[in-house]
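Report on the structure given below.
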Amino acid sequence: MEIQELLYRQGFGTRRVCAGLVQQGYVSVEGVTLTDAAAEVDAREGLPFMVRGEAWAYHAKAYLMLHKPAGIECSQRPSAWPSVYTLLPAPLRQRPAKGGTDGVQAIGRLDQDTTGLLLLSDDGAFIHRMSSPKRHVPKVYEVQGVHDFTPDQMRRLCDGVVLDDDPRPVRAAAAERVDERHLRLTLTEGKYHQVKRMVAAVGNRVAGLHRSRIGGLALPADLAPGQWRWLDEGALALLRPA
Ligand code: URA
């Protein structure tokens with residue numbers, strides 16, 4: 001692949017801008033500075049390159065996890081809070097749209113005040129697989145209640161509660177009381193405000209919500225709020241059905 005095309009696909013700007021970056025000597029591949037924008041490079045997964053002194057690696061498709069902090073919206077066009085996309089570096093925000101996606105996008109949404117594990121990708125098939133209601137990918141939420149969680153509330157969350165937009169009951173796949181006001185809830189659907197509405201339906205209220213796991217992938221303890229990282233093969237394997 002020509003280096004200008006590689007940079008374009010990785011989100012470094014228009015093809016013209018990418019050609020300019022190379023011609024001005026801002027780009028090196030595996031330690032070698034290139035000045036010919038049409039120079040062929042081996043676009044293999046993980047190929048190291050630098051742009052303006054910053055290290056990158058080539059990824060044909062982007063698979064990312066992010067520790068969403070509170071006070072951030074998952075929307076591309078947020079209404080009241082900064083967008084989660086502002087937490088990504090410009091090349092990840094600017095990767096060109098392809099294969100039916102609008103570039104890198106969040107897979108499902110967390111509320112503005114919810115923290116925790118969020119996946120992002122520009123692979124339409126992966127986004128569909130991870131968000132399809134048919135696949136029932138389990139998601140684990142750490143729920144802080146305003147009141148103590150009672151045995152009756154726990155039972156009703158697992159037996160199923162009816163929410164206002166659907167007569168069919170929704171049930172938690174698992175509910176574990178970590179302590180009086182801390183519930184670990186596993187859901188396999190993704191309805192709007194589902195945890196908050198389920199908890200309200202059994203007579204409690206959510207004081208704090210954090211997503212700690214999606215499928216087999218737990219939010220890494222060393223990924224601070226606001227930080228993101230690439231999903232490596234090991235992490236992606238944890239997201240595939242067993
Ligand atoms: N359920 C909610 O109520 N809010 C979230 O952010 C996620 C799940």
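The values are calculated or read from the model by the stated rules, or taken from the named source; none is laboratory data. Everything quoted here is computed from the prediction, not taken from an experiment. Glycine also receives a Cβ, built like all others from the backbone with ideal geometry; neighbour counts cover every protein chain displayed. These accessible areas exclude ligands, DNA and RNA; they are computed on the full protein's heavy atoms, side chains included. Shrake-Rupley method; radii C 1.70, N 1.55, O 1.52, S 1.80 Å.
Quick look at the values:
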read-out: In Hz, Karplus ³J(HN,Hα) per residue of the range 175-182 (6.51, -1.76, 1.60; θ = phi - 60°; x = Gly, Pro); value: 9, 10, 8, 6, 8, 3, 10, 10
read-out: Neighbour net charge for Gly25 - beta-carbon separation under 15 angstrom, K R +1, D E -1; value: -1
read-out: Max mean-square fluctuation residue, GNM over the chain, Cα-Cα springs under 10 Å, options Pro167, Pro138, Pro89; value: Pro167
read-out: Under 27 Å, Cα to Cα: Lys pairs in the chain, sequence gap 8 or more or different chains; value: 13
read-out: Among Ala175, Ala62, Ala80: highest mean-square fluctuation, GNM of the chain, C-alpha pairs under 10 Å; value: Ala80
read-out: Mean residue ellipticity (222 nm) of the chain, computed from DSSP H runs ≥ 4 via -39,500 (n - 2.57), nearest 500; value: -5500 deg cm²/dmol
read-out: Estimated Rh, the range 30-74: Kirkwood, alpha-carbon pairs, angstrom; value: 13.4 Å
read-out: The chain, relative contact order in percent, only Cα pairs under 8 angstrom and at least six apart counted; value: 19 percent
read-out: Accessible area expressed per residue, the chain, with surrounding protein chains retained (probe 1.4 Å, Å²); value: 51 Å²
read-out: The chain: mean projected area of Cα convex hull, nm²; value: 14.7 nm²
read-out: Packing-based order for 218-226, 194-202, using average beta carbon neighbours within 10 Å, highest first; value: 194-202, 218-226
read-out: Residue with peak Gaussian network fluctuation, the chain [Cα springs, cutoff 10 Å], from Leu118, Leu64, Leu163; value: Leu163
read-out: Under 5 Å, built H, 5+ apart or other chain: amide partners of Asp113; value: Gly71
